[in-house]
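K.L.:
Okay, handing you the structure first.
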Amino acid sequence: MEVSIAMSAKVLERFPAGAPRGAWPAEEFAAARRAEGEPATVVMDLQSDAFLVVVPANEEE
């Protein structure tokens, strides 16, 4: 079963999935943004083989 979710998000940073530390740099970056008050989340972009740190997109942008 395939599940698809439409999400409007702004990408703050990209981290290669093949990096030796895997998702850790992305998770650390997202944690730092959350500490600053941004609702940052890490998602995996399978097409580009990268971890993305994203925040919800503003409707005004």
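K.L.:
Can you tell me which residue in the stretch 25-43 is farthest from Val54 (Cα to Cα), limited to those that are assigned to a helix (DSSP H, G or I) and either among the acidic types (Asp, Glu) or open to solvent by 70 Å² or more (accessible area, probe 1.4 Å) (or both)?
P.N.:
So the first thing to find is which residues in the stretch 25-43 are assigned to a helix (DSSP H, G or I), and the list is 25-35.
Subset that is either among the acidic types (Asp, Glu) or open to solvent by 70 Å² or more (accessible area, probe 1.4 Å) (or both): 27-28, 34-35.
On the way: Glu27: 11, Glu28: 13, Arg34: 11, Ala35: 15 Å.
The qualifying residue farthest from Val54 (Cα to Cα) is Ala35.
K.L.:
Where the second residue is open to solvent by 70 Å² or more (accessible area, probe 1.4 Å) and of a type outside the set (Asp, Glu) and the first is under 14 Å from Arg14 (Cα atoms) and in contact (Cβ under 8 Å) with a residue 24 or more places away in the chain and lies in the stretch 29-49, which pairs have Cβ atoms under 6 Å and are six or more apart or on separate chains?
P.N.:
Qualifying pairs under 6 Å: Ala40/Arg34.
K.L.:
Can you tell me which residue in the stretch 11-20 is most open to solvent (accessible area, probe 1.4 Å), limited to those that are in contact with a Phe, Trp or Tyr (Cβ under 9 Å, 6 or more places away or on another chain) and farther than 22 Å from Asn58 by Cα?
P.N.:
Here is the first cut: in the stretch 11-20, the ones in contact with a Phe, Trp or Tyr (Cβ under 9 Å, 6 or more places away or on another chain) are 12-17, 19.
Add one more test, that the residue is farther than 22 Å from Asn58 by Cα, and what stays is 15-17, 19.
On the way: Phe15: 38, Pro16: 84, Ala17: 24, Ala19: 34 Å².
Taking the candidates together, the pick is Pro16.
The values are calculated or read from the model by the stated rules, or taken from the named source; none is laboratory data. Remember, it's a predicted structure, so these values are computed and weren't measured experimentally. Quick reminder, even Gly has a Cβ in these numbers, built from the backbone with ideal geometry, and neighbours come from all protein chains shown. These accessible areas exclude ligands, DNA and RNA; they are computed on the full protein's heavy atoms, side chains included. Shrake-Rupley method; radii C 1.70, N 1.55, O 1.52, S 1.80 Å.
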